[in-house]
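Reviewing the structure listed below.
The values are calculated or read from the model by the stated rules, or taken from the named source; none is laboratory data. Note that the structure is predicted; figures quoted are calculated from it, not measured. Cβ: placed from backbone, ideal geometry, glycine included. Neighbour counts: every protein chain shown. Just so you know, the surface numbers come from the protein's heavy atoms only, side chains and all, with ligands and any DNA or RNA stripped out. Shrake-Rupley method; radii C 1.70, N 1.55, O 1.52, S 1.80 Å.
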Amino acid sequence: MNVVGSQRPLAPLYRQDERFDISAAGLLEWYRSDCFRRAAAFYAGYPERSIFADNGRALMHHLIVMLRPERLLEIGTMYAGTTEVLARAVWEAGRGHVETLDPYGADRCPALIAEFLPELRERVTYRPRSSAIHLDQVIAGGGFYDFVLIDGSHELEFAAFDLECSARVMRPNGIIVLDNIEQVGPRFATTQFLERHPEWIDVAGVVGKVDANRPLARPTPSFPDCFNFLLQAPPYYLVGGVPRSFGNQPVDGGEVAGIELDLAAPADGVLHVQAIVRTFGVIPAEELSETAELPLRAGPGPVKVPLPRPVRSRISDRDGLDRRVEITIAFTNGALKLKAPPTFYPVRPR
Ligand SMILES: C[S@@+](CC[C@H](N)C(=O)[O-])C[C@H]1O[C@@H](n2cnc3c(N)ncnc32)[C@H](O)[C@@H]1O
C-alpha cells in the first residue's frame, strides 16, 4: 500500500531573481507577486496528509527559500505532510536538513517518510521523541536551529515551553513559526513570549495587535488565510541581567582560563561570568567552578576576557574521561549583543 499517496514531481517554484525581504512589506510584496501564485497553486490541497492551511504551506516554502536555513526543526510530525513541504523547500534552497519530532509517531512516521522521493527523504530525520527530551539534548550539547515550526501540543503550557526553548537555541535572524494561532495555547504563548522578549521581531506586526480585552477573538495571522504567527530572532545573541548558559559542551581538556566574546555592538557595563568544568568517568565525578564580575567596555569585534582565577581540573588527562565545560554569562548596566556564543580557552570543544 502506498501510504503517502501520489507525490508531485520536484521542480523549483522560484526563479533565481525572485527575492523578498522577511518583513511585513516583503510578505505583502510576495503576496502580490506571480511567485506567490505559483507557490500557492503548487500547495493547494497538497500534500493531502499535511494538517496546515494551503497558504501556510506556501509560506513555509517561501520563508525557507528566502532564509536558506541550515538546521530546521518541526515539532509535531503527525502524518509528515508538512514535513514534505519543509523538505521540498530545503531542496529548492539548496541547503538545510529537517529534523521532525513526534513522540506518538513511531508506528507511522518512518514508513511515511520512507516513501518520500529520495531527494526529499535524505533531507529529513524523524525522531520519536517529545520536544522536551529533544530540546533538552540540544540545549545541553550547545546545538542550534535556524528555523523551527512549532506544531506539537497546543496546550498553552506546552506551546510556551516549545517557544521558549526553541528561542533559546535559535541562531541570530532565525525564524520561529507557530501554527494554529486561532487556538488559545499557541496564541497566548506568542503574546506572552514577546512581552518577555521584546527584542524578538513580530515579522508581520500582528502579534502586538492582539486585543487583550477580547481574549477569545480570532487574531489576524502573520499572512493571509493561514493560522501562523511568524517571529524572527534579533540579529545577535542578547545577554542581560538574567544569566544565560550556552550548554554543557564536551571538551578536550580540564582547564578554562578565560572566554572570548565576539561583540556585535559596543558594550559598556558589567560582565558576569561563571565557568564550570565537569569531569565524568571517575568516581566521584568532579565539578569545579569560578565566577567573576568584570567591567567591560569594548567592541564591536572579538574581545578576550581572562578569568581572574582559572578553573583547573585536579584529574589529569587520560582515556575514558568525559569532560564538559559550561559557560554562563550575564550583563548589567547595559546590553550585551554577541555575534556568536562565547568560546573558551585553552580547552576546545570536542
Ligand atoms: C497538529 S499535529 C502536527 C501536524 C503536522 N505538523 C502537519 O502540519 O501536518 C500535532 C502533533 O504533535 C504531536 N505532539 C504532541 N505533543 C508533542 C510533543 N511534546 N513533542 C512533539 N510532538 C508532539 C502529536 O502526536 C501530533 O502528531
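So what is the relative contact order for segment 239-346, in percent, with contacts set as C-alpha pairs under 8 Å and at least six apart?
50
Quote the convex hull volume per residue of segment 64-217, based on C-alpha atoms, as a whole number of Å³.
111
Provide the packing ranking of 84-92, 109-117, 193-201, 221-229, i.e. peptides ordered by the mean count of other C-beta atoms within 10 Å per residue, highest first.
Ranking the peptides 84-92, 109-117, 193-201, 221-229 by packing returns 84-92, 221-229, 109-117, 193-201.
So which residue, out of TYR31, TYR79, TYR46, gets the largest mean-square fluctuation from a GNM of the chain using Cα contacts under 10 Å as springs?
So, out of TYR31, TYR79, TYR46, the one fluctuating most is TYR31.
In nm, give the distance between the simple-model label positions of VAL270 and ALA24, each being 7 Å from the Cα along the Cα-to-Cβ direction.
3.9
Classify segment 239-346 from the C-alpha gyration tensor, please: rounded if a/c falls under 1.5, else prolate or oblate depending on whether a/b exceeds b/c.
Prolate shape, in that a/c is at least 1.5 and a/b is the bigger ratio.
So for the pair ARG121, PHE280, with labels modelled 7 Å out along Cα→Cβ, what separation do we get in nm?
Each label point is offset 7 Å from its Cα along the Cβ direction, giving 3.5 nm.
In degrees from 0 to 90, rounded to the nearest 10, what is the angle of the helix 54-67 Cα long axis to the longest principal axis of the chain?
Around 40 degrees separate the two axes.
Testing the spin-label approximation: label points 7 Å from Cα along Cα→Cβ at LYS304 and ALA292. State their distance in nm.
For LYS304 paired with ALA292, the spin-label model returns 1.2 nm.
Could you give the distance between the Cα centres of segment 319-335 and segment 176-229, to the whole Å?
If we compute the Cα centre of each part, the gap is 33 Å.
Give me the percent of accessible area attributable to carbon and sulfur for the chain, probe 1.4 angstrom.
After summing per-atom areas, the C and S share lands at 52 percent.
Once every DSSP H run of n ≥ 4 in the chain is given -39500 (n - 2.57) and the sum is divided by its residues, what mean residue ellipticity at 222 nm do you get, rounded to the nearest 500 deg cm²/dmol?
-7500 deg cm²/dmol
Relative to the first principal axis of the alpha-carbon coordinates of the chain, what is the inclination of helix 156-168, with its axis defined by its Cα atoms, in degrees from 0 to 90 and to the nearest 10?
Roughly 60 degrees between the two axes.
Where Rh is the Kirkwood radius over the Cα pairs of the chain, the temperature 37 °C and the viscosity 0.692 mPa s, what D in µm²/s does Stokes-Einstein return?
Answer, rounded: 150 µm²/s.
Report for the chain the percent antiparallel among DSSP-assigned beta bridges with both residues inside it, nearest 5.
So the antiparallel bridges in the chain amount to around 75 percent.
Would any residue of segment 239-267 have its amide N under 15 Å from a label point 7 Å out along Cα→Cβ of TYR345? List them or say none.
Counting backbone N atoms under 15 Å from the label point, the list is 255-263.
Please work out the average accessible area per residue across the chain, using the 1.4 Å probe convention, and give it in Å².
I get 46 Å² per residue for the chain.
Could you work out the relative contact order of the chain, using alpha carbon pairs under 8 angstrom and six or more residues apart, expressed as a whole percent?
After rounding, I find 14 percent.
Distance from the Cα centre of segment 1-78 to that of segment 234-251, in angstrom?
32
Subtract the Cα-Cα distance of GLN192 and ARG32 from 0.36 nm times their separation in residues, and report this length gain in nm to one decimal.
Fully extending the segment from GLN192 to ARG32 adds 54.4 nm.
Would you mind listing how long segment 7-77 runs along its three principal axes, going by Cα atoms, in whole Å with the largest first?
For segment 7-77, the Cα extents along the three principal axes come out at 30, 25, 21 Å.
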